[in-house]
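Presented below is the structure to which this report refers.
The values are calculated or read from the model by the stated rules, or taken from the named source; none is laboratory data. A quick note: this is a predicted structure, and the numbers were derived from the prediction, not measured. Because the Cβ atoms are built from the backbone with ideal geometry, glycine has one as well, and the counts that use them run over all protein chains shown.
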Amino acid sequence: MKYCNNCRVDVVGSRKTCPLCQENLKGDKPQDEVFPKISFVYREHSLFLKIMLLVSIVIATVSTAVNILLPQGGAWSFFVLGGLGSVWASMISAVNKRNNIPKNIVYQVMIISVIAVIWDLLTGWKGWSITYVIPFICFFAMISMSIISKIRKMHVEDFILYIIIDGLFGLVQIIFIFTGGLTALYPSLICIAASIISLSAILIFEDRLLLAEIRRRLHW
């Protein structure tokens, strides 16, 4: 145990200076720390979060610049910015809270989609809700779940059903394509491609876990 000659107290742990006066400690070899080491999520994943921040800034800047140069398609860049904001809001919520984040993300997708469709109807149906809002919100929800599962080190079974629900909801865009209600195809194509890739990866690599999770939830 180490000793502080200035404060005349014994200090347990591996620190080199006194926690009271910051003087150098004297004595035997350092012992194990009494208190557990606190893990800070932001510090542990600082590089990953910085890369995500840079990617978000690049996407926001490029989409805004393209939208300004090609204004014929409407102010679609606002939906991209909104999607990025949703991703970061979900990430911050996942880091700071302990509730079921994947379930909350799915609820957000459903609620925002319904509100957007109703808003579109009440303002004289322009189709922007199914053309931009729904595909972008589904796409960014899948990205959010993937990022959050990495940051929170979640088990696959904790979010597998929710990402499947979001992927299936994203495939609804196929119906909108064939009915001809879309004013632009690329948001729906991006969403559909991401949904197919996500669902395929789960079915190929996590098929047994998915079946076990379904049986558990349905009490088979």
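A few notes on this one:
- Filtered residue count, the range 13-36, keeping only those that are at pLDDT 60 or above, assigned to a loop (DSSP other than H, G, I, E, B) and touching a Ser or Thr at 6+ places or on another chain (Cβ under 8 Å): 2
- Flag if Glu206 is under 25 Å from the mean Cα position of the chain (by Cα), among the charged types (D, E, K, R) and closer than 27 Å to Ile51 by Cβ: yes
- Some residue of the range 181-204 being at pLDDT below 85, assigned to a helix (DSSP H, G or I) and aromatic (Phe, Trp, Tyr): no
- For Ile164, the conditions (1) within 24 Å of Val80 (Cβ to Cβ); (2) surrounded by 12 or more Cβ atoms within 10 Å (Cβ to Cβ) are fulfilled apart from (1).
- Taking the range 123-153 as the range and being outside any helix (DSSP H, G or I), farther than 18 Å from Val106 by Cβ and either touching a residue at least 40 places away in the same chain (Cβ under 8 Å) or under 10 Å from the mean Cα position of the chain (by Cα) (or both) as the test, the residues that pass are Lys126, Gly127.
- Total residues in the range 87-112, condition at pLDDT 70 or above, part of a helix (DSSP H, G or I) and not β-branched (Val, Ile, Thr): 8
- Counting the residues of the range 150-161 that are on the phi > 0 side of the Ramachandran plot and surrounded by 15 or more Cβ atoms within 10 Å (Cβ to Cβ) gives 0.
- Taking first residues from the range 186-203 that are under 12 Å from Cys138 (Cβ atoms) and partners that are of a type in the set (S, T, N, Q) and buried (at least 16 other Cβ atoms within 10 Å of the Cβ), the Cβ contacts under 6 Å between residues at least 6 apart in sequence or on separate chains come to Ser188/Gln173; Cys191/Gln173; Ile192/Gln173.
- Entry remark, the range 122-154: residues being out of contact with any helix residue (DSSP H, G or I) (no Cβ under 8 Å at 6 or more places or on another chain) and aliphatic (A, V, I, L, M) number 1 in total.
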